[in-house]
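Structure first, then comments.
Please treat every number below as a calculation from the coordinates, not as lab data. Keep in mind that what you see is a predicted model, and the values were worked out from it rather than measured. Cβ: placed from backbone, ideal geometry, glycine included. Neighbour counts: every protein chain shown.
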Amino acid sequence: MKLQQLSLFLENRPGRLDAPLEAIAAAGINILTLSLADTAQFGILRLIVRDWDRARQVLEDGGWIVNLTEVIAVDVEDRPGGLAEVLKVLDQAGVNIEYMYAFSSHRPGKAMLIFRFEDPDQAVAVLRQHDLRIVDGDELHAEDH
């Protein structure tokens, strides 16, 4: 149920994003989704790819420091209030969300959210208890086709 996300710090300057993405592309690794957050000095690039171990090696060989983080993909209704309903369930259970980002799903009427939780096991239990659909790695990567 948990997915491996690659995170790397990049200097917040023009052109710094190109090099790691080009390295991954040159290795034939497709990026399923990504998020880029920034501050004045640096950015954090977060990636989910099918072959995360190989991508990590490519990036490390290119000189980047890569952190692995467990994240959880959740299927939500793609309609007004769909996200709010999931957040309400998590809030009522006291589940802390460190960050999240979304990407479109090929499933009609559905959106996909990637969550980083303070306590992933607690989050999974709460989501399951409320019949919220957690997407496993195989299904998530099927979106890659």
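Treating the beta-carbon of each Lys and Arg as +1 and of each Asp and Glu as -1, no other charges, what is the dipole magnitude of the chain about its Cα centre, to the nearest 20 debye? If you can, show how the numbers build up before the last one.
Values: 14 positive and 24 negative charges, 43 e Å.
Taking the Cα centre of the chain as origin, the dipole is about 200 debye.
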Hey, if you put +1 on the Cβ of every Lys and Arg and -1 on every Asp and Glu Cβ in region 7-145, which of Ile72, Asn30, Asn12 ends up farthest toward the positive end of that dipole?
-> Asn12
With a 10 Å radius around each residue's Cβ, average the other Cβ atoms per peptide and rank 10-19, 108-117, 126-135, highest first.
-> 108-117, 126-135, 10-19
Cα-based Rg of region 73-142 normalised by 2.2 N^0.38 Å, two decimals | 1.04
In whole Å, what are the Cα extents of region 2-69 along the three principal axes, biggest one first?
-> 31, 26, 18
Here the relative contact order (percent) of the chain, from C-alpha pairs under 8 Å and at least 6 apart, is 27 percent
Across 10 Å bins from 0, what is the distribution of all Cα-Cα pair distances for the chain, in whole percents?
-> 11, 39, 33, 16, 1
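At 222 nm, what helix-only mean residue ellipticity would the chain give, in deg cm²/dmol to the nearest 500, using -39500 (n - 2.57) for each DSSP H run of four or more?
Calculated mean residue ellipticity at 222 nm is -9000 deg cm²/dmol.
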Alpha carbon centroid spacing (whole Å) that separates region 1-66 from region 93-114 | 20 Å
